[in-house]
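Remarks on the structure that follows.
Please treat every number below as a calculation from the coordinates, not as lab data. This is a predicted model, so every value here is computed, not measured. Please note: Cβ atoms are built from the backbone with ideal geometry, for glycine as well, and neighbour counts cover all protein chains shown.
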C-alpha cells in the first residue's frame with residue numbers, strides 16, 4: 001500500500017481506518033473481520049484500478065498458511081459487500097471484473113481533521129473488550145493443548161469463516177490460537193453481561209446456510225452439506241425456534257448475496273453460517289451467528305474434533321446456538337440433541353454421502369431423480385452394513401423409497417407394494433433404534449397414507465413427527481395432503497401455511513396449496529396459489545399443470561391449453577402425461593372426437609407410468625362410466641397414488657351418483 005494513503009479515508013457514509021481495516025458508518029463501528037478489512041483497504045488504496053485476484057493473494061494471504069484461496073476470497077468479498085450494503089449486480093463500491101479481480105469504484109473524500117489530527121470515532125459498546133481480542137491476548141507463554149483432550153471452543157470477534165484454512169499441516173498453530181482466545185473467555189462473559197445478552201433477545205427464527213467445505217477436493221462437498229443437514233435437523237427439534245428447511249437454504253449454497261438480504265428473503269431473524277475442513281482423521285468447524293437487522297455478528301466459535309465425534313459435536317453446536325439466542329430448550333429436546341449417534345465413523349461418512357445424493361435428487365422433478373436416489377440408497381445400505389445400530393441411514397432409506405414411489409420413471413412404473421414394504425421396514429427399524437427420529441415417523445406416515453391406505457395410522461405418525469420436530473416443513477406439507485384427501489380443507493390450508501413458514505418461497509408447497517383449494521372446489525383460490533408458485537419459479541412444470549386444471553374448471557380453455565403447453569415444453573416433460581391433460585381439456589370443452597383420439601394414442605403407447613386414475617377422469621368427462629370405473633378398479637388394484645383423493649376430487653363428480661362409486665369409497669374406507 002502506498003505510504004501516501006491517508007490513515008482514514010471516506011467514501012459515501014463510510015470511513016475506513018487503513019492501519020487497522022476498521023470500518024465505520026456515521027461514527028459507528030461496522031463489524032468486519034480482519035481479512036475482509038485488509039482486502040477492502042487494499043482496494044481503497046488503488047481506487048479506480050483493477051486489483052487482480054493474484055495481487056490480492058500475494059498481498060493479503062500469508063504464504064505459510066494453507067488457504068483455499070477462491071473460497072476464502074469470495075467469502076471475504078461477500079462480507080465486504082454485506083458491510084457496505086453493496087450489491088454484486090449493481091455495485092456502488094466494489095465491482096467484480098470477471099475472471100480478473102475487483103475494482104473500488106466509489107470516489108474517495110478527504111479525511112476530516114481535528115485539533116489533534118485525523119478524527120476517529122470512539123469505539124462502540126458492542127465491540128468486544130480489548131482483553132478479548134486475539135491481538136491483545138497472551139501468546140508466547142501458551143503451550144498447545146493435548147490433542148487427545150476435547151479441543152477448543154473459541155469465543156470473541158467473529159472470524160472470517162471462509163477466508164482461511166488453519167488446518168493441520170500444522171494443527172498446533174490452530175490449537176495455540178484457540179487457547180489464546182479461550183484465555184479471554186472471562187472478559188467475554190463480562191462483556192456479555194454488560195449488554196450483549198439483550199442483542200440476542202427477540203431471535204426466534206433461524207436459517208442455517210450450507211456450510212462451505214475448505215477442502216480442495218470438490219468431491220468433499222457432501223461432507224459440508226451433511227454437517228449442515230444434521231445441524232438443521234437438530235435445531236428444528238426446538239419448539240420455541242422456527243428453523244427454515246434444508247430445501248429453502250440449499251439455493252444459497254453458491255451465492256454471494258449479503259447475509260441481511262438472504263435473511264430477508266427467508267424471513268428469519270438471524271443466520272448461521274460456517275465452514276468445515278477435515279484432514280488426518282480430524283474435523284474443524286467454524287460457525288457464526290449473524291443478526292439480520294441490523295446486521296451484526298453476535299457469536300462465533302471454532303471447534304476441532306476427532307472425525308468420529310462430529311455428529312455429537314453437531315448437537316453441541318445446536319445447544320450453543322440455542323443458549324446464545326436464549327431459546328427455551330425442554331428436557332426432552334435436550335435429550336434429542338444429545339441423541340443417537342453412530343458407533344462407527346465410516347458409517348457416519350457413508351450416511352453423509354447418501355444424504356448428499358438425496359438432496360441432489362430433490363432438485364429434479366423428472367426421471368433424472370431416480371438414478372440419484374439409487375445412489376443414495378447404495379450409500380445408506382453401506383452405512384448400515386458398517387453400523388447396523390445407526391438410525392439415520394434407515395430413515396434415509398425409508399425416505400428414498402417413498403420418493404421413488406412418486407418419481408418420474410418414464411414409461412415404467414415402480415412396484416408400489418415392494419417399495420412401500422422396504423420403506424416401512426426401514427422406517428420401523430429407525431424408530432426401534434431411535435424413537436425420537438422425526439424423519440422416520442414422517443416416512444412411515446407417508447407409506448401408510450399413499451400405499452397402505454391406513455388413514456388413522458398415517459395421521460398418528462404425521463402428528464408424532466411434528467411433535468418431535470415442529471419445524472419439519474416436509475411433514476407439515478405431507479400432512480396437508482392427507483388432510484386434503486380426508487376433506488378437512490381448513491386444517492389442510494393451515495398445514496400448508498405452516499409448511500410455508502419453515503420452507504419460505506417454495507413453489508412445491510404453493511402448488512399443494514393450489515390442489516387443496518382445487519379439491520375444495522375453490523378454483524379462484526387455486527389459481528391464485530398456482531400463479532404464486534409460478535411467480536417463484538416460472539419453469540415449474542407442476543405449477544403449470546395445476547394451473548391448467550384450475551383453468552379448465554373455470555372454463556378458461558385457452559388459458560388451460562397455454563399452461564399445458566408451457567408445462568410440456570420442457571425437454572424432460574412426459575408427453576404421454578401432456579396428451580392425457582389435453583384429452584381431459586378436450587373432453588370438458590366438448591371436443592369429444594379429439595379427446596377420444598388422444599386417448600387412443602395414449603392406450604396404444606403402452607406407457608404404464610400414466611395413472612389409470614387420470615384416464616378415469618377423462619372417461620368421466622366423456623360420460624363413459626363403465627370405462628371410468630374400469631380404470632378406477634385398475635387404480636385400486638395397483639395402489640396408484642391418485643386414488644387417495646377419490647373422496648374429494650371434483651373431476652369424478654360425474655360418477656358420484658353411481659352406486660359403484662360409493663362401494664369403492666367404502667372399500668378404501670374413505671369419507672363418504
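From the Kirkwood radius over Cα pairs of segment 475-625, Stokes-Einstein at 37 °C and 0.692 mPa s returns a whole-number translational diffusion coefficient of 207 µm²/s.
The stretch between residue 660 and residue 381 holds 96.0 nm of extra length on full extension. This uses 0.36 nm per residue minus the Cα-Cα distance.
The alpha-carbon positions of segment 574-672 define a convex hull whose volume is 89 Å³ per residue.
For segment 282-360, the fraction of C-alpha pairs more than 17 angstrom apart is 59%. Stretching the chain fully between residue 569 and residue 389 yields a gain of 60.1 nm (0.36 nm per residue, less the alpha carbon separation).
Computed on the Cα atoms alone, the convex hull of segment 460-501 gives a volume of 52 cubic angstrom per residue. Peptides 241-247, 592-598, 370-376 ranked from most to least packed by the mean count of surrounding Cβ atoms within 10 Å: 241-247, 370-376, 592-598.
The Cα-based radius of gyration and maximum Cα-Cα distance (Dmax) for segment 212-287 are 13.3, 39 Å. As a proxy for reagent exposure, 556, 481 were ordered by neighbouring Cβ count within 10 angstrom, fewest first; the result is 556, 481.
Sorted on the mean count of surrounding Cβ atoms within 10 Å across their residues, most packed first, peptides 557-565, 470-478 read 470-478, 557-565. Distance between the 7 Å Cα→Cβ label points at residue 406 and residue 326: 4.1 nm. Taking 0.36 nm per residue of separation and subtracting the Cα-Cα distance, full extension of the segment from residue 344 to residue 92 would add 85.6 nm.
Evaluated over the Cα positions of segment 358-503, the convex hull gives a direction-averaged projected area, one quarter of its surface, of 8.5 nm². Using a cutoff of 8 angstrom between alpha carbon atoms and counting only pairs six or more residues apart, the relative contact order for segment 586-631 works out to 35 percent.
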